[in-house]
Amino acid sequence: MLDRHAPDPGAAPMAAPDAQYLDVVAIRKAFKGVTVMDGLDFRMARGELVSLLGPSGCGKTTLLRIIAGLMQADDGSVILAGRNIASLPPHKRNISVVFQNYALFPHLSVAENVAFGLRARGMSKADAVKPVHEALALVRMQDFAERSITALSGGQQQRIAVARALVVRPHLLLLDEPFSALDRKLRETMQVELKSLLRERGITGIFVTHDQDEAMGVSDRIAVMNAGRIEQFADPSTLYATPATPFVMDFVGLSTRLSGRVAAQEGALVAVDTDLGRLRAPGTLAPGTPVLIGVRPELIRLDGGADMNRVDLVLEDVAILGSKTMLQGRPGAEDRLLCELAGIRNGKSRGDAVSFHWAVEDTLLYDLSAGATP
Amino acid sequence: MSTARADRIGLLVLPGLAYLGLIYALPLFLLLLKSFRDATGALSVAEFVQIFGDPLQRSIIARTLRVAFLVTLLALVIAWPTAIVMRSARGGWLSLFLVAIILPMSLGVVVKAFAWSILFRSNGFINQSLMTMNLIDAPIRLLFTETALVIGAANVFLPFMVLPIYAVLQQQDPNLPDAAATLGAGPYRRFFKVIVPLAMPGVVAGCAFVFSMAVSMYVIPSLIIGERQQTVAMQIARSFLFLRNEQLGSSLSTILLLIAVSVVLGSSWLAARLGARQ
């Protein structure tokens, strides 16, 4: 009943033949005259797991509700499996949603909750028994069929919500912050569990989350959203290694950031003057352009050659983070220096004078001048 | 908090208990006792046998139950959509609704009843309008009818139906109808399989309030239909005040009390059953 999409764990989802399984085109949405989305495009392949990642108010939940049909876009189309569903009401879209609070029906038993979608599709009570049992077995909750919803823990409720959403074999599964109501330990377990379940069944799914670790953990690709736009849509490693904008760099992972101005173009490199000296980065920009320099903390070392970028600083903070240590300097209000060292025995403490070294090619460079494309 | 201190705080309930015992339980008990005695003071159910054997008394009890049922039904039918609209209302609109529902309660029933008589009488607003629209040729009799009583009483008791239903609707998770929709449930299924079942505790509470008030109402029927078509409560007053038949009055009171108590207990049981699943 559940295996509508053939399991295909080996294939890279991005190379799927129907690369435009879901095609969200030119979505416009305004609330009380305030435009929150102005021509947003979003596209994904069948079997892909994608996250919409962004801070609250970035429009990720709005986009989810528009795809589900719980909210109407002012303009634009939503094409799912070749059909424009933008004008269909939610109950005719065959898109299941796992809500943040799970939204299980408190007046129905576990089995009745799972059967709800099948019954709504006209299936008889007797016919629903088998698929309901299979769906409960899938989330290892078959022994809880007759329980009351309120008698379940948060993790169990989430499993029921997933079973209820999957039993109807949706074309698309949307998950709105599905892990946020769980405590940290349980959250990590459930992420791994849910991801492998969706993978095995070849489900096409969209997670909405504000948690970058969660997005990195569960998805093939991540769309980082900010102020109603998608700033970058890429796989986790691309997103982390080459963030397209300062926003993405700040939102996904930690980074050293220093502001400065372009001093000169030196071949394929740009020389930038910062408060902490001259730094170089790959790129092409006119002298005088205000820029932001970024580096991921694990790419920084405390020693290095003359061809590397180097800043001298006094450590403001040394934080032991289990398997690693984070050294931090704060040269200015907006600027930040972060160096991540493996292990915790490196003899550095607050107040030590150190030098951060990193390779020129690892340096991220962003044009901050007005009119620069974000 | 220590047990001793908790015990001392528990003493605060005494004044209320004494008040209730003296003013409510004791007289009620005496009344009940009287209803099970005959004129000589011996224990007997003769009065009840006589009441249920009397076609007039039977018709009064039947009318009382019928009116209470219809009042409850009418109030429910009006309260549902009102509560639904109130749930989605915000800010100023919500305040307006609440004021519109609660303010009329501060207006005495007597004032309302006389206002209605202006509306209902043969040359009143309703008859005039119907005649102007050529829907009727001659004024229809509205005042002193059961219809007028049901309409009037439902108006008085409406807040007691709207508020409990609004309260449960307002507490409902707004995601539930959305979840039902994404699972393929159309508007009717969402309403009857999700919104209504979850609102049942409020509906039961509202019906219990309204029914128990409507079954024992005295002032409203006295003002709207007068002596001609009596209700049990009016008959009780008549027995004590005019007929000086305390036996009859006590027995009718017992019957009314039993009806009210069974409605309250029945609805609590129903609400507990419905609530247990949530």
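Just so you know, all these numbers are worked out from the coordinates, no wet-lab data involved. Keep in mind that this is a model prediction, so the values were computed, not measured. Glycine gets a Cβ as well: all are built from the backbone with ideal geometry, and neighbour counts include every protein chain shown.
Quick notes on this one:
- Compactness of the range A:319-364, expressed as Rg and Dmax over alpha-carbon positions, Å: 11.7, 30
- Magnitude of the charge dipole, the range B:45-277, Cβ model with Lys/Arg +1 and Asp/Glu -1, debye to 20: 320
- For the peptides A:65-74, A:298-307, the ranking by packing is A:65-74, A:298-307, with the highest mean count of neighbouring Cβ atoms within 10 Å listed first.
- Cα centroid separation - the range B:207-271 against the range A:213-244, whole Å: 70
- Partner shielding of B:183-195 amounts to 5, given as the average count of beta-carbon atoms from other chains within 10 Å of each residue beta-carbon.
- Residues A:His133, A:His210 in ascending order of nearby Cβ atoms (within 10 Å, fewest first): A:His133, A:His210.
- Euclidean distance between Cα centres, the range A:251-302 to the range A:28-65, Å: 31
- Residues with amide H under 5 Å from that of A:Lys324, placed H, sequence gap 5 or more: A:Gly343
- Mean separation of Cα pairs under 8 Å and 6 or more residues apart, divided by the residue count, gives the range B:45-277 a relative contact order of 27 percent.
- Global form of the range B:45-277, assessed from the alpha-carbon gyration tensor, a/c cut-off 1.5: oblate
- With both labels modelled 7 Å from their Cα along Cα-to-Cβ, the A:Ile344 to B:Ser88 distance reads 5.6 nm.
- For q = 0.10, 0.12, 0.13 Å⁻¹, Debye-computed log10 I/I(0) when each Cα of chain A counts as one equal scatterer: -0.75, -0.97, -1.06
- Sites A:Lys32 and B:Leu265, calculated FRET efficiency, Cβ-Cβ separation with R0 60 Å, nearest 0.05: 0.75
- Helix A:154-166 and the long axis of chain A differ in direction by around 70°, with both axes built from C-alpha atoms.
- Most positive-pole-ward Cα, B:Thr72, B:Tyr218, B:Met200, against dipole of the range B:45-277 from beta carbon charges: B:Met200
- Between A:Asp317 and A:Ala263, the C-beta separation translates, for a Förster distance of 41 Å, into a calculated FRET efficiency of about 0.85.
- In sequence order, the range A:82-87 has phi-based couplings of x, 10, 7, 9, 4, 9 Hz under the Karplus curve 6.51 cos²θ - 1.76 cosθ + 1.60, θ = phi - 60°, and Gly or Pro positions carry x.
- Helical runs assigned H by DSSP (4 residues or longer) give chain A a calculated mean residue ellipticity at 222 nm of -6500 deg cm²/dmol, each run adding -39500 (n - 2.57) before division by the residue total.
- Positive-end ranking of A:Leu174, A:Ala86, A:His107 along the dipole of chain A, with charges on Cβ about the Cα centre, is headed by A:His107.
- Gap separating the Cα centres of the range A:162-210 and the range B:28-57, nearest whole Å: 69
- Charge sum, other residues only, whose C-beta stays under 14 Å from A:Leu269's C-beta, Lys/Arg counted +1 and Asp/Glu -1: -3
- Residues of the range B:137-165 with amide N under 16 Å of the 7 Å Cα→Cβ point at B:Arg66: B:144-151
- Aspartates and glutamates with Cα under 13 Å of A:Lys29, excluding same-chain neighbours fewer than 8 positions away: A:Asp38, A:Asp41, A:Asp74, A:Asp75
- From its DSSP helices (H runs of at least four residues, each -39,500 (n - 2.57)), chain B gives a residue-normalised ellipticity at 222 nm of -23500 deg cm²/dmol.
- For the protein assembly as shown, size of Cβ-based charge dipole, Lys and Arg +1, Asp and Glu -1, in debye: 2560
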